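Worksheet: one structure, shown below.
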Amino acid sequence: MTQPIEGKVVVITGASSGLGEATARHLAAHGAKLTLGARRLDRLQALAEELGAGTTVIKTDVTDRAQVRNLVDSAVAAHGRIDVILNNAGLMPHSLLERGKVEDWDRMIDVNLKGVLYGIAAALPHMTRQKSGHIINVSSVAGHKVRPGSAVYAATKAAVLMLSEGLRQEVKPYGIRTTVISPGAVESELADSITDPEVARGTRQFYEQYAIPAESFARVVAFAISQPAEVDINEILFRPTAQEM
């Protein structure tokens, strides 16, 4: 028996496109109260108008700890609690290490890892006080398997796996649930963050061949959220059926 999503207060980062946008649509259809964050406020506002009442948006750069805290605090101020945070914002500027794209490395660490940490830091005080809540972090198949050109991205996603497991163990006294989701090729704008033209071309071809709709990720999120309170779905790894890697 599952529990309803209707009425749950959910915060989503990186909600202006891709996995975050698809999840917002899916959860809104099930009656969740959404607070959405991303850097592109115009896209968030258009999405909120489409989803209607119960959805609020706040311009949020997850590399800024104060902005992430404001996003979460705004949800709590509006609804009195936070039930779920989906730390979804991410970048994937693949390149060979020999290219020395240090700025891309820094961006990935700031968004993919520190952005998740900032989301956890913002949500935990509220959830520990409530003695309830659900923290969902987004890793990747790349967090389990590295390939040439994806070393730094894979390192950030593997770090999210370890972070999530450590978090799981620490929050047990507060009744907080934790889930880390590792998707394979799912339709998103991740390839747009690649600054190496050759790698970008190859990645786009791979996604065109294998990527499945972002709604597949949204359904996975809904599955984890909708479990009974005593069930803690800790890790989900999924791929397109045709994806070998």
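The values are calculated or read from the model by the stated rules, or taken from the named source; none is laboratory data. Model, not experiment: these values are computed from the prediction. When we count neighbours, we look across all protein chains shown, and the Cβ atoms used for this are built from the backbone with ideal geometry, even at glycine. Protein only, heavy atoms only, side chains kept; ligands, DNA and RNA dropped before computing areas. Shrake-Rupley method; radii C 1.70, N 1.55, O 1.52, S 1.80 Å.
Where does each of 217, 238, 223, 206 land when they are ordered by accessible area, with a 1.4 Å probe and the largest first? Don't skip to the end; give the middle numbers.
On the way: 217 0, 238 30, 223 100, 206 65 Å².
So, going from the largest accessible area down, we get 223, 206, 238, 217.
Working ranking of peptides 196-203, 128-135 by packing, defined as the average number of other Cβ atoms within 10 Å per residue, highest first, is 128-135, 196-203.
Dividing the summed helix terms, -39500 (n - 2.57) for each DSSP H run of n ≥ 4, by the number of residues in the chain produces a 222 nm estimate of -14000 deg cm²/dmol to the nearest 500. Compared with the direct C-alpha span, the chain from residue 66 to residue 29 gains 10.3 nm at full extension, assuming 0.36 nm per residue. Atom-type composition of the exposed protein surface of the chain places 51 percent of the accessible area on carbon and sulfur (1.4 angstrom probe). Among the lysines of the chain, pairs that are 8 or more positions apart or on different chains and have alpha carbons within less than 14 Å of each other number 4. Between 199, 161, 174, the Cα set farthest toward the positive side of the dipole of the range 153-209 (charges on each charged residue's Cβ, about the Cα centre) is that of 174. The listed residues 96, 161, once ranked by accessible area (1.4 Å probe) with the largest placed first, stand as 96, 161.
If you place +1 on the Cβ of every Lys and Arg, -1 on the Cβ of every Asp and Glu, and leave all else neutral, what size is the dipole of the chain about its Cα centre, to the nearest 20 Debye? Could you put the intermediate results ahead of the total?
Working: 26 positive and 27 negative charges, 107 e Å.
It comes to approximately 520 debye.
The C-alpha atoms of the chain define a longest principal axis, and helix 18-29 lies at about 30 degrees to it. Once you list every other residue whose beta carbon is under 14 Å from the beta carbon of residue 203, what net charge do they have if Lys and Arg are +1 and Asp and Glu are -1? Combined, the nearby Lys, Arg, Asp and Glu give -4.
Over the chain, average the accessible area per residue using a 1.4 Å probe and give it in Å², no decimals. Kindly include the intermediate steps, with their values, before the conclusion.
Details: 11200 Å² over 245 residues.
So the chain comes to 46 Å² accessible per residue, rounded to a whole number.
Since only 144, 15, 117 are under comparison, the one whose Cα sits farthest along the positive direction of the charge dipole of the range 11-159, derived from C-beta charges on Lys, Arg, Asp and Glu, is 144. Computed from point charges on the beta carbon alone (+1 for Lys and Arg, -1 for Asp and Glu), the dipole magnitude for the range 128-245 about its Cα centre is near 380 Debye. Each part reduced to its alpha carbon centroid, the range 102-140 and the range 1-59 end up 18 Å apart.
If the segment from residue 223 to residue 49 were pulled out straight at 0.36 nm per residue, it would be longer than the present Cα-Cα gap by 60.1 nm.
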